[in-house]
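Here the structure is laid out as structure tokens; the discussion comes afterwards.
The values are calculated or read from the model by the stated rules, or taken from the named source; none is laboratory data. Bear in mind that the values here come from a model prediction, so they are computed numbers and not experimental data. Cβ sites come from the backbone with ideal geometry, for glycine too, and all protein chains shown count toward neighbours.
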Amino acid sequence: MKSKGRFNSEWISSLKSAISLVEIVGENVELRKTGNRFMGRCPFHGDRSPSFSVNPEFYYCFGCKETGDAISFQMKLHGLSFEEACEDLAEKAKIPLPEGSSLTSEEERALYLKRQRVQKAARLNYFASLNYYHQNLVRGSGSPMFEEAREYLKKRGITSATIEKFQVGVAGPGYEGLTRFLMDAKAPLDLARDFGLIRASQKQAGDYDFFRERLLFPLIDLRGRVTGFGGRIMPSADARSQEVKLPKYLNSAESELFQKSKFLYGLYQAKLAIRETELAVVVEGYFDVISLHQAGIENAVAPCGTSLTEDHLKTLGRLAKKIIVFFDQDEAGITATQKSMEMALRGGVLLYGIRFESKLDPDEFLLEDPKGNLEKLKSWIEGARPLLDSSIERIFSESENDLEARSQAIKTAVGWLKSFNDPVGRSVRVSQLVERWRVPREALGALAPEGAGARPSSAQSKYQERGGGQSVGNVRTRSIAVPSGMRRMPISPADRQLLQFFVKVNRYGKFFLLARQEMHEKNTLSDLFDDTEVRQWVRGLVEDPAGIQRLTHAPESAIQGEVSQELRSVIMEGLLQEEVPGEEQVLGGLLKRAVFRAWVRFSHELKAEMLAADSRQDIEKFKELSEQFLDLQRKLKEFEDSYVSGKTD
């Protein structure tokens, strides 16, 4: 596992040398010096007393056990990717980013100037937001529309503190108000033009303001940059636009600074609450976000439109363990919720939904009964269920007395589960289809291997509890011998597939050996598997000098003795399978997942050693292990990003 992209280990070392971890943390945490280190309240959990320790090389929380360096601090605090965190720190340290040896010095210079220009555009947006649009709203007197905007927000229950928190502003009816303001401030008009604040007039000389007669919502990204604006048309302007209907909402144009598919409104204000609760609530509009924050639900965000994207999920996934979709209950919102669920399934992500018993938008619902409806909303959020589960339940409940509708429901559920890129989550729901909804296994095809949905006997349950299933955390559960006639819980689909490749050692052995080289030196080939019995069988086979040879020439002899019927069946099925096109690509994906999970197990072991060193006050050992742990976390992030994106080559 190598350093990610152009950020090699040498450059990362130079970056760390050029910045002060104490200063980086101190920008976000109030620190006080205690001996040779600094202490403050941890930003990663609800820390009531200072338990966050910072020294020049790494930080460590004695409460939540978070630890890392400057790069990981930026990633975790702001929800940035590794590359984004490096870019942020490099800008602070004023050191050049590595662009790769394939670029000429002229190309590197052009990229540097482009980045500088984007940063300058963000500062220009911030200047316009704070000093023009926001000032128009809070104390502007040059247009009746400013007072209309204040009254409109008051009518919608938005307080001055919330207006300040989200820097809400207003653009008046004039065509040149912002243009003249920027000219008086000697701001770069070419930059304002290129990034959509103003536009060149086609009818006369000069420029005109892009946003007019609208409430303005600054679009602030996780780095605190104003990337653009969202504008909601004012009621008086909307009433006048009968002949040519103006759009209700208008966003800044796409640019290097603002990409609609990646941006989530309110995430800058919500990131701390999302991290503390490990929960993100995705709503539909600007007012929904603002109203929920004002009511105390401060982990609410919204896409600029009703569709979630893979980039949105990747960003939220760095901050939250659970994502709730809470779109409007109109046709567009319901359709967007369905599309979001299906898109997320392909990435192995379960989105959650709430039982929202109202046709009102979330902000209107809260305004109707601020206290009572807030309590209802909180209880619904607390009881959120996976959208996949509630959707399956809905289509099967609706088709209970209609055979054709039931047939369509089965096809729909099978389609969802086939696309669900999580073998364990998929297997659990397949069992539910068989047991609860009585779907014939034949209708599920490859989704339901033999034995799926079968209830374990008391002897099976005892076997499962005593160690025949998955490992727990970083502790390998003891495997017991299972009589060949006894059935056990099904091997997971991922382990099943991987094992069936493994037993064809003559054809695929080299791929497993290459995967072994990507694992820690303490690992063996058996650590590519999760299932305890499978891992024990593979270990015994590899440690036996004649084991592989027996598997190749007399496979029956390799599965004699105390091996469960489930394991025996999987091995024999793999030996009998014919080669089909594309198998190597499938194996590549399985091995990538297996290597990643092996490293995760090793990271658990390393963290346990760190905690042990911490408890016995072995500072040197703790420091040594911390450095190893940080390096490992970066490597795991690289694996996770490529695995989630589906890139397995």
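Within segment 388-398, not a single residue is farther than 27 Å from residue 418 by Cβ, of a type in the set (S, T, N, Q) and either out of contact with any strand residue (DSSP E or B) (no Cβ under 9 Å at 6 or more places or on another chain) or modelled with pLDDT under 95 (or both). Checked against the criteria, residue 563 does not count as modelled with pLDDT of 80 or more and surrounded by 17 or more Cβ atoms within 10 Å (Cβ to Cβ). Within the span defined as segment 48-71, one or more residues are over 23 Å from residue 627 (Cβ atoms) and at pLDDT 85 or above.
Just one of the listed residues (550, 539, 597) is more than 28 Å from residue 65 (Cα to Cα), among the basic types (Lys, Arg), assigned by TED's automatic domain parsing to the domain that holds residue 635 and within 39 Å of the chain's Cα centre (by Cα), namely 539. Filtering 217, 229, 211, 287 for residues that are touching a strand residue (DSSP E or B) at 6+ places or on another chain (Cβ under 9 Å), at pLDDT 95 or above and in a loop (DSSP other than H, G, I, E, B) leaves a single hit, 211.
Could we say that residue 167 is without any contact (Cβ under 8 Å) to a residue 40 or more places away in the chain, surrounded by 14 or more Cβ atoms within 10 Å (Cβ to Cβ) and not small (Gly, Ala, Ser) here? Considered against the rule, which asks whether it is without any contact (Cβ under 8 Å) to a residue 40 or more places away in the chain, surrounded by 14 or more Cβ atoms within 10 Å (Cβ to Cβ) and not small (Gly, Ala, Ser), residue 167 comes out as no. Checking each residue in segment 33-75 for being among the charged types (D, E, K, R) and either under 23 Å from residue 12 (Cβ atoms) or not in a loop (DSSP other than H, G, I, E, B) (or both) picks out 33, 37, 57, 66, 69. Search segment 219-242 for residues that are more than 19 Å from residue 75 (Cβ to Cβ) and pair each with any residue that is among the charged types (D, E, K, R) and part of a loop (DSSP other than H, G, I, E, B) when their beta-carbon atoms are under 7 Å apart and the residues are at least 6 apart or on different chains. Every condition considered, the pairs that remain are 227/221; 232/248; 233/213; 233/248; 234/213; 237/213. Scanning segment 142-160 for residues that are free of Cβ contacts under 8 Å to residues at least 40 places away in the same chain, closer than 18 Å to residue 289 by Cα and small (Gly, Ala, Ser) yields one hit, 160.
When you look at residue 313, is it outside the structural domain of residue 166 (by TED's automatic domain parsing), assigned to a helix (DSSP H, G or I), surrounded by fewer than 23 Cβ atoms within 10 Å (Cβ to Cβ) and touching a residue at least 40 places away in the same chain (Cβ under 8 Å), yes or no? Spelling it out, it is not the case that residue 313 is outside the structural domain of residue 166 (by TED's automatic domain parsing), assigned to a helix (DSSP H, G or I), surrounded by fewer than 23 Cβ atoms within 10 Å (Cβ to Cβ) and touching a residue at least 40 places away in the same chain (Cβ under 8 Å). Within segment 516-549, the residues that satisfy the criterion of being of a type in the set (A, V, I, L, M) and either surrounded by fewer than 20 Cβ atoms within 10 Å (Cβ to Cβ) or free of Cβ contacts under 8 Å to residues at least 40 places away in the same chain (or both) are 519, 525, 538, 541, 542, 546, 548.
Taken over segment 132-144, residues that are assigned to a helix (DSSP H, G or I) and surrounded by 14 or more Cβ atoms within 10 Å (Cβ to Cβ) amount to 7.
Candidates 146, 181, 166: the one that is touching a Gly at 6+ places or on another chain (Cβ under 7 Å) and among the hydrophobic types (A, V, I, L, M, F, W, C) is 146. Of the candidates 217, 211, the single residue that is under 29 Å from residue 380 (Cα atoms) and either touching a His at 6+ places or on another chain (Cβ under 6 Å) or of a type outside the set (D, E, K, R) (or both) is 217. Just one of (1) more than 25 Å from residue 446 (Cα to Cα); (2) assigned to a helix (DSSP H, G or I) fails for residue 519. It is (2). In segment 10-23, the residues that are loosely packed, with under 13 Cβ neighbours inside 10 Å form Cβ pairs under 9 Å with partners that are charged (D, E, K, R), at six or more places apart or across chains, as follows: 23/92. Determine whether residue 69 is among the acidic types (Asp, Glu), under 15 Å from residue 276 (Cα atoms) and in contact with a Lys or Arg (Cβ under 7 Å, 6 or more places away or on another chain). No, not satisfied.
Within the set 216, 279, 246, the sole residue that is free of Cβ contacts under 8 Å to residues at least 24 places away in the same chain and among the aliphatic types (A, V, I, L, M) turns out to be 246.
Considering each residue of segment 247-254 in turn, none proves to be of a type in the set (A, V, I, L, M, F, W, C) and either part of a helix (DSSP H, G or I) or surrounded by 21 or more Cβ atoms within 10 Å (Cβ to Cβ) (or both). All conditions in (1) crowded, with 21+ Cβ neighbours inside 10 Å; (2) in the same structural domain as residue 121 (by TED's automatic domain parsing) hold for residue 241, with the sole exception of (1).
For residue 122, indicate whether it is closer than 22 Å to residue 315 by Cβ, at pLDDT 90 or above, in the same structural domain as residue 224 (by TED's automatic domain parsing) and part of a helix (DSSP H, G or I).
On the way: closer than 22 Å to residue 315 by Cβ: yes; at pLDDT 90 or above: yes; in the same structural domain as residue 224 (by TED's automatic domain parsing): yes; part of a helix (DSSP H, G or I): yes.
Judged against the criteria, residue 122 is a match.
The residue list 30, 23 contains one member that is at pLDDT 85 or above and either touching a His at 6+ places or on another chain (Cβ under 8 Å) or not in a helix (DSSP H, G or I) (or both), which is 30. For segment 432-448, the candidate set comprises residues that are hydrophobic (A, V, I, L, M, F, W, C) and in a loop (DSSP other than H, G, I, E, B); within that set, the residue that is farthest from residue 397 (Cα to Cα) is 448.
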